[in-house]
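One structure is given here, and the rest of the page talks about it.
Please treat every number below as a calculation from the coordinates, not as lab data. Not measured: the values here are computed from a predicted model.
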Amino acid sequence: MAVLAVAAIAGAAGAQQVFRIVGPDGKVTFSDKPPVDPAVKAAPAAAGTPPGRAGAAAPGGALPFELRQVASRYPVTLYAGPSCAPCSSGRSFLSQRGIPFVEKTVTSAEDIEALNRLSGGSGALPLLTVGAQQLKGYSETEWSQFLDAAGYPRNSLLPVGYRPPAATPLVTAQPVRPAETAAAPESAPAATAPSTPAPQGPTGSNPAGIRF
């Protein structure tokens, strides 16, 4: 019994708790630390789908309903760069686990600037977002914890025909606009015909109503 108790304690110490936090505005976030504000609700996040759990079949490569629901609440985006070994490791991990994700490539100066704004200036790659959470750098343990907390299954439920969307640049190049045509010269205002004074009726000094 003592050996079992020690093993249970050791296992609990090795597993980092992830909390599901609901803010005053209803926004849900995940963190490995409980909130400081007592007004903020927090509860241990539910673990991911148990290994071996089967998902509903989806025709035509579409996501099964269970996986689609999780992905709609907590979409996953991978920000990666070329010749980035950790990015390749992170991409392989997501694919092997069966996580539907969108990939944004960071190559141009505009991409790097946008990444710095997004990540608060760190610019570290890869960057993974799970819902509103940002995970900087690749760590299989950390990524797994947050994916579990979001409710993603631990075993792939992706259908055989599923194809992930192609990676796209973080900043989409804007097409060059053609030069605007010169504005047409303003036409001279049309001559206004002199207004004709309103006919005057008879008055006391001009009983005939004569006008000159």
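List of remarks:
- Vicinal HN-Hα couplings computed from phi for the stretch 107-118 (Karplus, 6.51 cos²θ - 1.76 cosθ + 1.60; Hz; Gly/Pro x): 10, 8, 4, 5, 4, 5, 4, 5, 5, 4, 5, 5
- Calculated from backbone phi, Karplus (6.51, -1.76, 1.60) coupling profile of the stretch 65-77 in Hz, x at Gly/Pro: 4, 4, 6, 5, 5, 5, 5, 6, 7, 10, x, 10, 10
- At full extension, Arg68 and Ser122 could sit 16.3 nm farther apart than now, given 0.36 nm per residue minus the alpha carbon distance.
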